[in-house]
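In what follows, a structure is listed as structure tokens, so that the remarks can point back to it.
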Amino acid sequence: VNASTSGFDISPNARRLGPSSIFCAAGALLAVAGLMVWRIFPTPHEYMPHGFCYLWDRKLIWLHATSDLLIFLSYLSIPITLVYFARLRRDLPFNWMFLCFGTFIISCGFTHAMEVWTLWHASYWLSGILKAITAFTSVITAVLLMRLVPLALALPNPKTLRNEVNQRKRAESKFRDLLEAVPDAIAVVDREGRIVLINAQTEKLFGYEREELVGQEIEILVPGRYRSRHPGHRAAFFEEPRLRPMGRGLELYGLHKDGREFPVEISLSPLQTDEGFFVCSSIRDVSERKRVQLALKFSEERFSSAFEHAAIGKALVTSGGRCFKVNRALCDLVGYSSEELLAKTFNDITFPEDIDADRSLVDRLLAGEIPSFHIEKRFVHRDKHLVYGLLSVSLVRDELSQEFYFVSQIQDITERKFVEEKINDLNNELSRRNSELSAINKELESFSYSVSHDLRAPLRAIHGFSQALVEDAQDKLGPQEKEHLSRVRAAAVRMGQLIDDLLALARTSRRELTREDVDLSRLADEVVSQLRTSDPDRNLRVDIAKGLAANGDKHLFRVLLENLLGNAWKFTSKRLDGQIEFGSQQHSEGERVYYIRDNGAGFDMKYAGKLFGAFQRLHDANEFPGTGVGLASVQRIVHRHGGRIWAESVVGQGTTFYFTLDPAQDNLQPSESSLDSAVNRPPMAIDAAQTVLTATEKQGGGQK
Amino acid sequence: MILLVEDNRDDEELTLRALRKNNIQNEIVIARDGVEALDLLFATGAHASHEPIVPQVILLDLKLPKVDGLEVLRRLRANQGTRLVPVVILTSSNEEEDRLQGYDLGANSYVRKPVDFNQFFEAARQLGLYWLVLNEPVPQCRKS
């Protein structure tokens with residue numbers, strides 16, 4: 001029998017064997033011990049069994065026997081339970097102690113079993129050896145236990161342990177919460193570059209699920225073009241691990257799961273744990289910041305460009321009046337280079353008399369009462385001439401330095417000033433001339449009035465007394481004298497006519513225009529019916545287009561039509577088939593051209609230039625009477641309405657007068673169509689002379 | 001009675017001639033300026049010793065010395081006694097302003113003196129016929 005198969009070294013086997021095998025081992029040990037005792041110490045029979053001591057009192061015997069047996073059985077079961085427990089709780093400290101206890105209790109058990117045996121059999125040697133073994137194991141156990149006590153005392157008690165566990169749980173939970181609460185994406189990477197831990201921000205930022213990243217190499221998050229170099233950088237960090245930003249001075253990019261890259265900022269920190277050495281990277285998406293930076297940059301560039309290339313002079317001026325930024329236009333305005341200007345104060349370039357002009361405004365600006373102000377100031381150009389400027393000043397407070405500075409803008413208004421002065425001069429001149437003209441007009445008016453009243457009276461006397469002479473001295477006058485007196489009378493009448501026409505012409509100029517929409521067709525109808533009444537023997541055909549209208553002075557339009565239609569009436573007097581037509585043509589430019597056409601005497605176009613001159617006549621007064629004022633009046637009326645008038649004529653065939661009454665079109669020349677139609681038609685005659693006014697007046701006079 | 005207010009002797013002569021030749025026999029009183037006309041009508045000034053005249057018609061020139069025709073007309077119309085006396089403005093001018101003011105102040109007619117004496121003669125004939133024969137005077141204007 002090999003003793004080494006049993007004994008103390010049961011723990012490795014006990015891990016694999018059940019409690020029954022431990023029992024067997026213990027039994028085998030006892031059997032071996034028994035056999036050895038039997039052999040070595042053969043039991044002489046001189047000792048009495050233990051029952052003698054109890055006087056074989058059956059009750060006492062059985063009390064001992066039963067008790068010892070029960071103790072044995074119990075002692076046998078306790079170590080089994082202990083070993084079973086120890087086997088399941090291998091994590092417990094001092095595991096071997098349970099083994100010692102087991103052995104010692106089993107030994108005790110066997111001593112109690114031996115007590116039962118020795119009641120009837122006097123095997124006291126065997127019993128003694130058993131006790132010795134038990135003593136041995138007990139002593140060893142006791143010693144070991146004593147040595148163990150300080151160690152066991154040092155063991156945390158279960159409550160402390162529970163607290164500790166809870167604390168750790170809380171700490172871990174805190175750590176998790178902290179990790180998730182950090183606004184940055186966190187990735188903890190081990191020495192091999194494998195991701196061991198990430199937070200939700202990392203998932204969100206890179207678009208991966210947690211399971212997809214943990215265990216992967218960190219390079220999965222690095223754009224392809226940087227990926228090959230990354231492990232090198234990583235290794236370098238592990239060489240010299242300390243908290244530092246990654247890739248200082250470089251633009252870093254992260255790679256999203258969908259392939260998109262985005263700018264990031266990464267801080268690296270070393271992380272030493274029980275489980276080894278890690279690097280904790282804190283990753284921040286800086287897209288928004290980049291965008292804002294870019295926008296800010298653009299904005300600054302825009303401002304700079306707007307400032308520099310503005311058409312008006314601009315300067316940023318400190319509160320002390322020194323320019324610290326000036327633009328091109330300001331340099332041009334005062335003739336200095338920007339370097340020279342920056343060395344000057346604002347007052348240096350201001351005309352001395354104007355330096356204090358805006359003092360109160362500046363005070364109010366500084367007091368926050370007004371946001372800005374505008375003032376006209378004079379500045380001195382490098383070559384000493386004055387520049388008139390419109391100065392606009394506003395106040396800007398620098399948020400960072402809390403200092404304020406002025407934004408000054410200067411618009412060069414020298415030209416404007418010059419023009420303003422010129423306009424002023426012209427206005428003065430104009431109003432002077434205007435009052436002169438008014439005075440002249442007033443004089444002219446009283447002159448007109450005087451002419452109207454006084455010039456005709458002598459004519460009346462000449463005519464009246466010549467007539468009286470003829471009537472009273474009829475018998476004394478020969479035919480020659482009578483003829484002379486009749487000429488005197490005719491001249492007087494003619495002079496009266498001239499005076500009337502002249503006054504009418506003056507009136508067309510003097511009269512104030514009262515504009516209204518005038519029905520020209522109706523006006524022409526009225527004029528023609530007047531002509532028919534005053535000259536009932538004529539049977540002319542007159543065609544007046546319907547719906548002719550114009551905006552202007554109705555009275556002057558009547559004078560115009562009276563003259564033109566009266567002319568046409570007069571110059572067709574030699575024909576039996578006289579025709580007059582009044583109409584209008586719409587020209588392509590939108591201009592409306594009115595025309596009055598007759599088939600009368602016509603005139604030689606050679607003299608067309610004289611047509612509208614006052615007192616100009618193209619016909620003999622004997623043939624066609626008139627003073628030569630009518631067309632002058634017509635032209636004046638047309639011009640006063642902003643229109644033009646011209647005529648086409650062929651001698652013996654007729655005349656057409658064209659006129660416009662629209663000021664907007666007065667720069668246009670007569671168009672081809674009007675010329676064509678004029679040439680193709682029987683042209684007409686003109687008299688620049690006779691006015692219908694006269695005819696109607698005569699007629700009016702006759703009615704009185 | 002006709003009151004002729006006329007400063008021009010030629011015109012006065014011709015007017016009288018035209019009226020006489022038309023057989024108008026009524027008395028014709030002549031005033032040579034506005035003041036005289038008003039004195040005659042209101043019995044003031046030089047004519048304070050006479051009764052005020054009450055003409056059947058006044059032939060009134062406009063351009064007169066001292067007080068002009070329109071002013072004479074204004075005062076006539078402002079006076080209860082002469083308010084309704086027929087006034088015919090007989091003048092050289094046909095200025096719009098004159099016509100407008102004349103009618104505005106209550107002239108009954110406005111006749112322009114033509115240069116042609118034949119026309120003037122005709123005008124005088126018609127005026128006499130109309131105002132002295134055809135026209136029925138306002139009752140209040142009758143001599144009381």
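What the table shows:
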item: Conditions (1) within 37 Å of the chain's Cα centre (by Cα); (2) more than 22 Å from A:R260 (Cα to Cα); number of the one not met by A:L197; result: (1)
item: Selected residue (only one of A:S394, A:S401, A:S431 is at pLDDT 85 or above, surrounded by fewer than 12 Cβ atoms within 10 Å (Cβ to Cβ) and of a type in the set (G, A, S)); result: A:S431
item: Filter result for A:S534 (surrounded by fewer than 24 Cβ atoms within 10 Å (Cβ to Cβ) and more than 29 Å from A:A491 (Cα to Cα)); result: no
item: Some residue of region A:602-619 being closer than 21 Å to A:I544 by Cα and touching a residue at least 60 places away in the same chain (Cβ under 8 Å); result: yes
item: Members of region A:190-204 found to be in contact with a strand residue (DSSP E or B) (Cβ under 7 Å, 6 or more places away or on another chain) and in a loop (DSSP other than H, G, I, E, B), listed by number; result: A:R191, A:G193, A:N199
item: Which listed residue, of A:L505, A:L477, is more than 8 Å from every other protein chain (Cβ to nearest Cβ) and without any contact (Cβ under 8 Å) to a residue 40 or more places away in the chain; result: A:L477
item: Residue that is farthest from the chain's Cα centre (by Cα), among those in region B:65-93 that are within 14 Å of chain A (Cβ to nearest Cβ) and closer than 21 Å to B:A18 by Cα; result: B:S93
item: Single unsatisfied condition, A:E512 versus (1) under 20 Å from A:F571 (Cβ atoms); (2) within 14 Å of another protein chain (Cβ to nearest Cβ); result: (1)
item: Single residue of region A:245-265 satisfying the filter (within 14 Å of A:C280 (Cα to Cα) and surrounded by 14 or more Cβ atoms within 10 Å (Cβ to Cβ)) that is farthest from the chain's Cα centre (by Cα); result: A:M246
item: Entirely in region A:224-339, the helices (runs of 4 or more DSSP H) that have 1 or more residues that are among the hydroxyl-bearing types (S, T, Y); result: A:224-227, A:287-309
item: Pick from region A:456-474, criterion facing chain B (nearest Cβ under 8 Å) and of a type in the set (D, E, K, R), ranking: nearest to the chain's Cα centre (by Cα); result: A:R456
item: Residue in region B:29-51 that is farther than 20 Å from B:Y110 by Cβ and within 13 Å of chain A (Cβ to nearest Cβ) present; result: no
item: Output for region B:94-127, where each listed residue is over 17 Å from the mean Cα position of the chain (by Cα) and away from chain A (no Cβ under 14 Å); result: none
item: Residue satisfying condition, being closer than 21 Å to A:Q635 by Cα and not β-branched (V, I, T), within set A:A468, A:A473, A:A506; result: A:A506
item: Test: residue in region A:247-268 that is in contact (Cβ under 8 Å) with a residue 12 or more places away in the chain, of a type in the set (G, A, S) and out of contact with any His (no Cβ under 9 Å at 6 or more places or on another chain); result: yes
item: Any hit, region A:518-537, residues being out of contact with any Gly (no Cβ under 6 Å at 6 or more places or on another chain) and within 11 Å of chain B (Cβ to nearest Cβ); result: no
item: Pairs where the first residue, in region A:486-498, is within 8 Å of chain B (Cβ to nearest Cβ) and the second is surrounded by 15 or more Cβ atoms within 10 Å (Cβ to Cβ) and among the aliphatic types (A, V, I, L, M), C-beta under 7 Å, 6+ apart; result: A:A492/A:L459; A:A492/A:I462; A:A492/B:V115; A:V493/B:V115; A:M495/A:L459; A:G496/A:L459; A:G496/B:V115
item: Search result, residues across region B:37-73 that are within 19 Å of A:A457 (Cβ to Cβ) and buried (at least 19 other Cβ atoms within 10 Å of the Cβ); result: B:A37, B:L59, B:L60, B:D61, B:L62, B:K63, B:L64, B:G69, B:L70, B:V72
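Here is a yes/no grid of residues against (1) of a type outside the set (D, E); (2) closer than 13 Å to A:R558 by Cβ; (3) crowded, with 19+ Cβ neighbours inside 10 Å:
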position: A:Q480; (1), (2), (3): yes, no, no
position: A:R494; (1), (2), (3): yes, no, no
position: A:T508; (1), (2), (3): yes, yes, yes
position: A:R511; (1), (2), (3): yes, yes, no
position: A:E526; (1), (2), (3): no, yes, no
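The values are calculated or read from the model by the stated rules, or taken from the named source; none is laboratory data. Predicted model only: the values in this text are computed from it and were never measured. When we count neighbours, we look across all protein chains shown, and the Cβ atoms used for this are built from the backbone with ideal geometry, even at glycine.
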